[in-house]
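J.: Before I ask anything, here is the structure I am working with.
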Amino acid sequence: MIIDQHDNISIITQEKATIIKLVKKIRALYPKFKNDNIIVSLTTLDQLGLSDIIEFLELSNTHRAAKQSFVIVTDQVNFDNMPNEIMIVPTIEEAHDIIEMEDMERDLGF
């Protein structure tokens, strides 16, 4: 797991760990970036399924409830089959765009 922090965004890149191990590591290190917007990059993985994405759901819900963005980056899923409760985009650039839009929404009180 590689963590890059820029301004108020933490980008977590999956290296070799399984999804379950990655989620456990993120939970263990969560206090370090709980006040940042989080991007989880899964672009190194060849195949992901609904069950893999569901592993992040509790973490995503917790983070979003704290008024922070949580975005997963992958192009290896069928976006139509993914839950609406979790934000998934195909590129890092789109993740940054989503965070920017959500920051504006929060500033406007939504």
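The values are calculated or read from the model by the stated rules, or taken from the named source; none is laboratory data. As the structure is a prediction and not an experimental result, all values here were calculated from the model. In this analysis, Cβ positions are derived from the backbone assuming ideal geometry, glycine residues included, and neighbour counts consider all displayed protein chains.
J.: For region 70-77, indicate whether the set of residues that are more than 21 Å from residue 32 (Cβ to Cβ) and either under 13 Å from the mean Cα position of the chain (by Cα) or of a type in the set (A, V, I, L, M, F, W, C) (or both) is non-empty.
T.: yes
J.: So which pairs qualify, if the first residue must be in region 8-20 and under 15 Å from residue 47 (Cβ atoms), the second must be in a strand (DSSP E or B) and hydrophobic (A, V, I, L, M, F, W, C), the Cβ gap must be under 9 Å, and the two must be at least 6 apart or on different chains?
T.: Once the first residue is under 15 Å from residue 47 (Cβ atoms) and sits in region 8-20, its partners that are in a strand (DSSP E or B) and hydrophobic (A, V, I, L, M, F, W, C) give 14/2; 14/40.
J.: In contact with a helix residue (DSSP H, G or I) (Cβ under 6 Å, 6 or more places away or on another chain) and closer than 14 Å to residue 96 by Cβ - does that describe any residue in region 2-10?
T.: Checked against the condition, which is being in contact with a helix residue (DSSP H, G or I) (Cβ under 6 Å, 6 or more places away or on another chain) and closer than 14 Å to residue 96 by Cβ, region 2-10 yields at least one hit.
J.: May I pose another question? Considering only residues that are part of a helix (DSSP H, G or I) and surrounded by fewer than 13 Cβ atoms within 10 Å (Cβ to Cβ), look in region 76-96 and name the one that is modelled with the highest pLDDT.
T.: Of everything passing the filter in region 76-96, 93 is modelled with the highest pLDDT.
J.: Additional query: If only one of 99, 53 is assigned to a helix (DSSP H, G or I), of a type in the set (Val, Ile, Thr) and within 16 Å of residue 5 (Cα to Cα), which one is it?
T.: The unique qualifying residue is 99.
J.: For region 56-75, give me each residue that is assigned to a loop (DSSP other than H, G, I, E, B), exposed (fewer than 14 other Cβ atoms within 10 Å of the Cβ) and not small (Gly, Ala, Ser).
T.: Passing the criteria: 67, 75.
J.: When residues of region 42-54 are filtered for being surrounded by 17 or more Cβ atoms within 10 Å (Cβ to Cβ) and under 13 Å from residue 86 (Cα atoms), how many remain?
T.: Summing the residues that are surrounded by 17 or more Cβ atoms within 10 Å (Cβ to Cβ) and under 13 Å from residue 86 (Cα atoms) in region 42-54 gives 2.
J.: What number of residues within region 4-31 are exposed (fewer than 12 other Cβ atoms within 10 Å of the Cβ) and either of a type in the set (Phe, Trp, Tyr) or in a loop (DSSP other than H, G, I, E, B) (or both)?
T.: 3
J.: Exactly one of these conditions fails for residue 40: (1) among the hydrophobic types (A, V, I, L, M, F, W, C); (2) free of Cβ contacts under 8 Å to residues at least 24 places away in the same chain; (3) in a strand (DSSP E or B). Give me its number.
T.: (2)
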